[in-house]
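Following: one structure in structure tokens, then a few remarks.
The values are calculated or read from the model by the stated rules, or taken from the named source; none is laboratory data. These figures come from a predicted structure and were not determined experimentally. Counting neighbours? That spans all protein chains shown, and the Cβs are built from the backbone with ideal geometry, glycine included.
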Amino acid sequence: MEPLDERAIRGSFVNCSKGEASRIRMPAGFADGGVPWDDLDFLGWTDPGAPQRALLVVPGDPGPTGLVLRRPEAVRSTAMRSSMCRVCLTDHAASGVALFVAPLAGPAGRRGNTVGEYLCADLACPLYLRGRRQPKLRLVRREETLSLAERIDRAMTNLAAFTARVLAG
């Protein structure tokens, strides 16, 4: 992903007001250059000032698209189940995947309409795809024959479909 500045990120959000976008806190390490742009296909983080708010910035034409998401409250599960992220298809223990809900863009979102998607709870799909991060507990072992480039293409296609659902408002 090409590095973005704060202005480009704040201006990319499509499902919140400009005022709300101005109050979003940037991801940890953003100010001091600690974002690993070369390892990212999209930028995802939890707002440090509002832990129930998560954010995604997805590159595309004509520019990045930012989505504000609501994340569920933390729920501790002792069940030995697995869940799969619907973007990167990484298997996690149940707590490693969360249902994120996004208000739709435009009038539909202002009326309270939303769509949801199951994503890696830490929004680190690009790092899982590259093997830079491993799920904490892996209950299911699946070996893929796709190359890294093919897995990234698949993840970005899945994320683009979710983004399109938000934009369809």
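For beta carbons closer than 8 Å, sequence separation of 6+ or different chains, a first residue in region 37-65 that is touching a residue at least 12 places away in the same chain (Cβ under 8 Å) and a second that is among the charged types (D, E, K, R) and in a strand (DSSP E or B), the qualifying pairs are Thr46/Arg53; Asp47/Arg53; Gln52/Arg70; Arg53/Arg70; Ala54/Arg70. Residues in region 88-111: is at least one among the polar types (S, T, N, Q), touching a strand residue (DSSP E or B) at 6+ places or on another chain (Cβ under 9 Å) and at pLDDT 95 or above? No, that holds for no residue. Taking the conditions (1) small (Gly, Ala, Ser); (2) at positive phi; (3) in contact (Cβ under 8 Å) with a residue 24 or more places away in the chain in turn, Gly33 satisfies each one other than (3). Ile152 satisfies every condition listed in (1) under 21 Å from Arg71 (Cα atoms); (2) in contact with a Leu (Cβ under 7 Å, 6 or more places away or on another chain) except (1). Of the residues contained in region 134-144, none is found to be of a type in the set (Val, Ile, Thr) and either modelled with pLDDT of 95 or more or in contact with a His (Cβ under 6 Å, 6 or more places away or on another chain) (or both).
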